[in-house]
Amino acid sequence: MPVSKSQQFAALADHFAARRDAILQAWRTTDRADPDQTSGRSLTLGQFLDHIPEMLDAFELRLRSRPGGVDARAAEVNKKDEGVKHGLHRWQQGYRLQELIKECGHLQSCLYDELGRLAEKNSEIEPATLAEAQRQIMALVNDTISESAGQYERMQQAEAAGHVGDLRGALASVSQIERHRSTLFHQAVHDLKNDVVGVNLAATLLDNPAMAESDRRESASFLKQALQGLNTMLEELMELARLQAG
């Protein structure tokens, strides 16, 4: 008695479910053997597999479901959701986008190899059924790459926005520092001007021969203090100039 299409797809789904662990192990081995795949080598098995088992659940459900049916549509939505989560996980683990794409290619090869072995052992599965299974594998991998890469793009945009915010904050801080320095300069110049006026006044008074000796001593003391103040002020201005120069 001929095997129906639904029975053939059910047999395919059962086979992939039964061989799940072997497929995932082959995927991990293949990925680790790739010299370009470095980020995943430090992950545990659970971290490496991440959301791929859930995506394979959706793949197997699509094989069992009538095309366009409720179950098939639900499986498609679930597959895309898991793809987004997988992309987020790989971003958090420090994967480069190229590594993410290559690991998806390794998974596709392992699924194709498993389908080929099944086709050799089960002659009841028609070529058209195998072709549809291949198409579903391709759709699985394409969706994983698309949704994961989309999540990468969103994370990169968020990171870039964070950098822009940090830069704006840094620029605001620099502007505040510059305003503070400018205020210090103005204050220093104002104080320096007052001290210069005081020195000139004291010097003028000392030139007066009619000045009493007590007043002369007081003016001389004031002149000495003013000169010390000028010296201190000049040192502060030089320090501010150095800070201004960077």
Residue order, fewest to most beta carbons within 10 Å, for 112, 152: 112, 152
Relative packing of peptides 33-42, 19-28 - highest average C-beta neighbours within 10 Å first: 19-28, 33-42
By Cβ neighbour count within 10 Å, fewest first, 159, 120, 54 rank 120, 159, 54
Residues 65, 221, 123, 109, sorted so that the one with the fewest Cβ neighbours within 10 Å comes first: 123, 221, 109, 65
Using a basic spin-label model with each label point 7 Å from the Cα along Cα→Cβ, how many nm lie between residue 124 and residue 43? 3.7
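Read-outs throughout are calculated quantities, based only on the coordinates presented, and are distinct from any laboratory measurement. Fair warning: this is a prediction, and the values are worked out from it, not measured in the lab. Glycine also receives a Cβ, built like all others from the backbone with ideal geometry; neighbour counts cover every protein chain displayed.
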